[in-house]
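The values are calculated or read from the model by the stated rules, or taken from the named source; none is laboratory data. On a predicted model such as this, the values are computed, not experimentally measured, just so you know. Cβ atoms come from the backbone with ideal geometry, glycine included; neighbour counts cover every protein chain shown. The area values use the complete protein model at the heavy-atom level, side chains included, leaving out ligands, DNA and RNA. Shrake-Rupley method; radii C 1.70, N 1.55, O 1.52, S 1.80 Å.
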Amino acid sequence: MTGGSDSLDFPTYQAQQATLAGAGPDAVVAKLNPAGSALVYSTYLGGSDYDDAAGIAVDQVGNAYVTGVTASTDFTTTTSAFQSAISGSFDAFAAKFNPAGSALVYSTYLGGSGDETGLGIALDPAGNAYLSGNTTSTDFPTRNPVQPTLGGSGPNNLPDAYLAKLDAAGSALVYATYLGGSGWEWGSNIAVDTTGNAVVTGDSGSPDFPTKSPLMPVPQGDVMDAFVTQLDATGTALVFSSHLGVTGPGDTSGRGVGLDAAGNIYVAGLTGAGFPTTGGALQPDFGGLNDGFIVKIAAGTAASVDAPLWLVALGDVIGDGTQAVAAVFEDVAAQTVTGVVRNAADGTLIQTIAFGSTYAPLDAVMVPDLDGNGAPELALLRFTADAQVQVEVRDTRTGERRTALTFAAAFLPKRLAVVPDLNGNGAVELAVLGIHSSSGAVAAEIKDARTGVRLRQVYFDKTYQPLDFAAVADANGNGAAELAVLGIKSGSQSKVELRDTQSGQLVKNLWSPKIFTPIALAAIPDTNGNGTPEIAVLGRNTSMNVEVRTLDAGTAAQLGIAYYSRAFTPLQLAALPDLNGNGVPELAVLSRNTAGLLKTELRDAVTGTQVRNVWFDTLTPRDLAVLPDLNGNGRPEIAVLGIPSTGAAQVLIKDAGTQAQISRLDF
């Protein structure tokens, strides 16, 4: 076992270092006998400053290999050490003890002029040590790197993960590489197979984290995803690299990784609601504030080139009074995104929209007609291969590009919203919500959708991590729309912050203190007749009940609470026009139970009265959309994009009034 201790009387035995060397903790390494009743050896490891260990591995003859972090300039190194002196305030270290624990076979620093931490260590049959951790150094010692430079941005250099292979003597790097995007990463754990293929897991806050044949090509969580990355035996190429996270609000952290003899990868860690599970899962749905997870990834896994991302209701595209929808897909291998536009009633193909090459698609929305041909546009928010934040807008009838707007790259993008015309030129505006890569500031940048002219930036409270984003009808009477950000603070306090798109000023904070885990928000029309719109917030309370709270955007008064079935895990929230004739809109919660059954539960936005359930069988959901009446009965339709147990992606469209299936669109 390994770790750290600042105890003067930590129990040592046959120690290489018998006493605490520093004012702070030293690393410790100990071996217990098979019965756990006595120490075979126990030793400190450290210098006069801070030292701690986080990873340990043992070879077949009993040599123990340890990695961790040190701030000690006099940390014990051996004569043949790869790096004999500390380079930054904190460096990682790697040390090898003999089987008796009484002497160091080798000990070395590993780091550059910034800070490093050693977190994971693994061994191959030849005694080479594979190391993982994080670094902020621009001069981390690389060799034959997949990624030669630090990806983390900002004045303080956000950390990247690293992978390094140290030779059996501890005297040279076989390879060493950065691994990360423009946000932050750290590599928590590492494993290696008998042929030298190494796989690492950890956490990522980068939308442009490097991927290869990913299961999840784009970031999923609000702040961070787990990642899993495999390098080939030479360390010079990615075999596989993917985000791994929830499909809704929440975050995922990778903590442990392993490989079996067949090359299957196993990843474990922590996650929130919406983590994807498979049929027959031991626990298919979220149980609490943080759940553990375990995933098995088959050897040679690659993502489908038809990975469905979003479903967008478009309205009338071809001018014949029919309704259309667009399903947005990513071709992972080609790193391209395609929008497939079909008639919602009969599935007739209208247009296939080929967006330009993209590195990380992030959101898609419908934009009202910009070019005057009567058809709406489809807008894609993405990271480009050269790390630009761009919204590409294409016509849904012709597929032609109308514009491509570039937004501030320093604000790592999260969501996209359409804002009603602010500058009077007849075109809507586009707002991109992002988080500043170094300061953590949360802001929405607003640009004219037709001209690309920047109108303003709207800043939000950065102490609340954003979960959802929407444009809301005018709440303060100045004629301009508001932007709403649903955020969560440490301690699970949540709020909706409304800011004016014209002035950027705070309009109202809508607090939802009893919602334990906020998930999503929806803007709904005025229900109490005071002239201001309402906001609905979906979440789970402290008793894990599923709630939607409706709040007045003008007064912040709570108008109602709708309780939904707690047997179903909530995924998404949408607002529908009034179904039961009381003048109040309905709220639809898309959710799934432990048997994999999918439904939208419709309840009155103020009274919480259940209107009906609309079932979608065992479709694995990807997105939800509300469509205008397709069959002439005066009721809207609900559409779900998902993946059936067999076959390609499809959209199921059902009548919100009768539950009857209107159409099934196969993609």
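Of note:
- Solution diffusion estimate, µm²/s, Stokes-Einstein, the stretch 139-284, Kirkwood Rh from C-alpha pairs, 20 °C, viscosity 1.002 mPa s: 137
- Rg/Rh for the stretch 1-160, where both radii come from Cα atoms and Rh is the Kirkwood radius: 0.99
- Reciprocal of mean inverse Cα separation for the chain (Kirkwood radius, Å): 26.6
- 37 °C / 0.692 mPa s Stokes-Einstein diffusion coefficient of the stretch 511-667, Kirkwood radius on C-alpha pairs, µm²/s: 206
- Relative contact order (percent, whole number), the stretch 171-280, Cα cutoff 8 Å, 6+ residue spacing: 24
- Residue among Gly55, Ala30, Phe10 farthest towards the positive dipole end of the stretch 1-60, charges placed on Cβ: Ala30
- For the stretch 476-553, the Kirkwood hydrodynamic radius comes to 13.0 Å, computed from all pairs of different C-alpha atoms.
- Whole-number percent relative contact order across the stretch 29-89, with pairs defined as alpha carbons under 8 Å at least 6 apart: 26
- If only the Cβ of Lys and Arg carry +1 and only the Cβ of Asp and Glu carry -1, the dipole of the stretch 96-172 around its Cα centre is close to 160 debye.
- Estimated from the Cβ-Cβ distance and a Förster radius of 22 angstrom, the FRET efficiency linking Val61 and Tyr13 is about 0.65.
- The chain, accessible area per residue, ligands and nucleic acids excluded (1.4 Å, Å²): 36
- From most to least packed by mean Cβ count within 10 Å, the peptides 474-485, 97-108, 78-89 give 474-485, 97-108, 78-89.
- Straight-line cross-link partners of Lys489 among the lysines, defined as a Cα under 25 Å from its Cα and at least 8 positions apart when in the same chain: Lys414, Lys462, Lys508, Lys514.
- Here the stretch 248-301 yields Rg over Rh of 0.99, to two decimals, using C-alpha coordinates and the Kirkwood radius.
- Neighbours of Tyr266, meaning other residues whose beta-carbon lies under 10 angstrom from its beta-carbon, give a summed charge of 0 when Lys and Arg score +1 and Asp and Glu score -1.
- Percent of C-alpha pairs per 5 Å bin in the stretch 428-538, short distances first: 2, 12, 22, 24, 20, 13, 5, 2, 0.
- Solvent-accessible area, 1.4 Å probe, carbon plus sulfur percent, for the chain: 51
- Each peptide among 521-530, 181-190 gets the average number of other Cβ atoms lying within 10 Å of its residues, and from highest to lowest they stand as 181-190, 521-530.
- Electrostatic dipole magnitude of the chain [Cβ: Lys, Arg +1; Asp, Glu -1; Cα centre; debye, to 20]: 600
- Calculated SAXS-style log₁₀ I(q)/I(0) at q = 0.09 Å⁻¹ - the stretch 363-520, Debye, Cα scatterers: -0.29
- Relative contact order of the chain, pairs being alpha-carbon contacts under 8 Å that are 6 or more residues apart, as %: 6
- Cα convex hull, the stretch 341-399: 90 Å³ per residue, rounded to a whole number.
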